[in-house]
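Enquirer: Please find one structure pasted underneath; my questions will follow.
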Amino acid sequence: MSFWAYMLHCRGGVFYVGHTDNLDVRMGQHQSGLLPGFTRKYAPVRLVWSQDFPSRIEALEAERRIKGWSRAKKLALIRGDWAMISNLAKNKNGPSTSSGRTAESEVPVEPVRAECVEAPASSAQGLEK
């Protein structure tokens, strides 16, 4: 069974990062407004990145890691720009996630089976440095 980490582009140019064991069902829930919370408030949503993982814990760790990333780094992930992700990671002081984990304890997020879609040009405004 596969588990997925995914990123949605939401109204207002904000991103939502989550994980699930059924990406098709979860996307339907987000798009229909069945899930209370963030994505209902910022609908409509569009899937801009996803990757499958062999276990739920790996998908959850990828979700948590990506949530701690800057907007610029998330946009680089959507584009599949690994050089930029690496560059942004090198320029950051301190841990790369809000949980305080260091690079040694993180599960790598690589384009194993990534579904990437370009984010709209409007979402590139306000890039963090």
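Only the coordinates and a few stated rules stand behind these numbers; no lab work does. Predicted model only: the values in this text are computed from it and were never measured. Methodologically, a virtual Cβ is constructed for each residue, glycine included, from the backbone with ideal geometry; neighbour enumeration extends over all protein chains shown.
Enquirer: With each label point set 7 Å from Cα along the Cα-Cβ vector, what nm distance links ASP24 and MET1?
Expert: Here the answer is 1.7 nm between the modelled labels.
Enquirer: Please provide three numbers in whole Å: the alpha-carbon extents of segment 10-87 along the principal axes, with the largest listed first.
Expert: 38, 31, 17
Enquirer: How far apart, in nm, are two points set 7 Å out from the Cα along the Cα-to-Cβ line at SER32 and at SER70?
Expert: Those two pseudo-labels are separated by 4.0 nm.
Enquirer: Could you give each residue of segment 71-86 its phi-based ³J(HN,Hα) in whole Hz, using Karplus coefficients 6.51, -1.76, 1.60 with θ = phi - 60°, and x for Gly or Pro?
Expert: With coefficients 6.51, -1.76 and 1.60, one gets 4, 4, 5, 5, 5, 5, 4, 4, 6, x, 8, 5, 5, 5, 4, 4 Hz.
Enquirer: Length gain on complete extension for the stretch ARG46 to TRP82, per 0.36 nm per residue less the alpha carbon to alpha carbon distance? Intermediate values should be presented prior to the final figure.
Expert: Numbers: separation 36, 0.36 × 36 = 12.96 nm, distance 2.20 nm.
The span from ARG46 to TRP82 would gain 10.8 nm if fully extended.
Enquirer: Please rank ILE85, ILE57, ILE66, fewest neighbouring Cβ atoms within 10 Å first, as an exposure proxy.
Expert: Values: ILE85 19, ILE57 12, ILE66 23.
Ascending Cβ contact count within 10 Å gives the list ILE57, ILE85, ILE66.
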